[in-house]
Amino acid sequence: MAVKTSVDGNRVTIDDYIYTVTPAGPGQYAVADEFGGRLGYFTVRGRVVTPDDYGVQGAHPVLQIGKLWAAAHLFKPTEKAAAPATKGLCRIATHERASEADLEKARAYRAWMKKQPGCKASYFVLDPATGKGMSISIWETREHLNALREMRPPEGATPLQSTSVESFPIVEEP
């Protein structure tokens, strides 16, 4: 059975449950059920909705409520305009402190990766004070990057464990 949702002003309805969304600070919104019980908050930055859900049993997730409300009030409908021409893809992976042995394996992995079809460049940056690092690779297309997942690196070559990974289209080059 399909879920029925609607947004009318600050009132979000999911099936037969009614929730109220009210401003609670810059980019932050409080969520309450129809009886005034607080369910949590959510913040909106750009197009990202981040919940602080109190986990009230029987209530829908604050993230779901926040996304419905934000889509109706904050996000302009995306027009089907042509996407800007890209000049490739940049992948950025963030890493926590790594051992010297792990860094050696990562160096071997980057050397191998740079020889793969579609890889334009690969960099590793490190903050010596915190040990936080980033792997940055530039690819001709997303397909080239995705093909890397199917390939086997040589023995002793492994990427560093990532805490986050993001990809961005390259729209300008230096």
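Placing a pseudo-label 7 Å from each Cα along the Cα-to-Cβ vector at residue 6 and residue 158 gives an inter-label distance of 5.5 nm. Once backbone amide H atoms are built at 1.01 Å from N, residue 39 has 31, 32, 33 as its partners under 5 Å, excluding neighbours fewer than 5 places away on the same chain.
With the charge dipole of the chain set up from +1 on Lys and Arg Cβ and -1 on Asp and Glu Cβ about the Cα centre, the Cα lying farthest toward the positive end among the listed residues 92, 39, 122 is that of 122. Coupling constants for the range 153-161 follow from the phi torsions by the Karplus curve (6.51 cos²θ - 1.76 cosθ + 1.60, θ = phi - 60°), and in residue order they are x, x, 4, x, 10, 9, x, 5, 5 Hz; glycine and proline get x. Looking at the chain, the pairs of alpha carbons with a distance over 18 Å make up 71% of the total. Could you tell me how many degrees, from 0 to 90 and to the nearest 10, lie between the Cα long axis of helix 100-113 and the main elongation axis, the longest principal axis, of the Cα atoms of the chain? Tilt of helix 100-113: around 80 degrees. Below 8 Å between Cα atoms, with a sequence gap of 6+, how large is the relative contact order for the range 5-73 in percent? Worked out over the range 5-73, it gives 23 percent. Axis angle, to the nearest 10 degrees, between helix 62-73 and the longest C-alpha principal axis of the chain: 80 degrees. Number of Lys pairs in the chain with C-alpha atoms less than 29 angstrom apart, excluding same-chain neighbours closer than eight positions? Summing the qualifying lysine pairs gives 17.
We did not get these values from a lab; they are worked out from the coordinates using the rules stated. This structure is a prediction, so every number in the text was calculated from the model and none was measured. We place every Cβ from the backbone using ideal geometry, glycine too, and count neighbours over all the protein chains shown.
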